[in-house]
1. Plugging the Kirkwood radius over Cα pairs into Stokes-Einstein for the stretch 1-44, at a temperature of 10 °C and a viscosity of 1.306 mPa s, what D comes out in µm²/s?
2. In what sequence do HIS40, HIS11 fall when counting other Cβ within 10 Å, fewest first?
Amino acid sequence: MKEKIHPVMNHVTAQCACGARFDILTTSENVKLDVCSRCHPFFQGKGDSLIIDTEGRIDKFKKRFGDKIGGAGTK
């Protein structure tokens with residue numbers, strides 16, 4: 001293996017826009033985040049509201065199949 005080819009890893013504190021701070025190991029000197037697991041809707045249990053239907057695909061699917069979609073073993 002070649003020597004001295006790996007980047008230097010730094011222990012830094014990443015700061016989110018919401019104010020949360022995380023200690024991480026990275027090659028960067030400082031890390032600023034836009035969203036994190038504390039402020040992102042998916043991690044707060046609001047993941048269902050993230051489905052964006054811009055062309056009516058979900059409504060078209062529900063109109064076409066309705067309640068016919070089931071679990072394993074259904075035809």
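A short reminder: the numbers here are calculations on the coordinates, not readings from a lab. Only a predicted model underlies this, so the values are computations on that prediction, with no experimental measurement involved. Positions of Cβ are backbone-derived with ideal geometry, glycine not excepted, and every protein chain shown enters the neighbour counts.
1. Numbers: Rh = 12.0 Å.
D, rounded to a whole number, is 132 µm²/s.
2. Values: HIS40 16, HIS11 8.
Placing the least packed residue first, the sequence is HIS11, HIS40.
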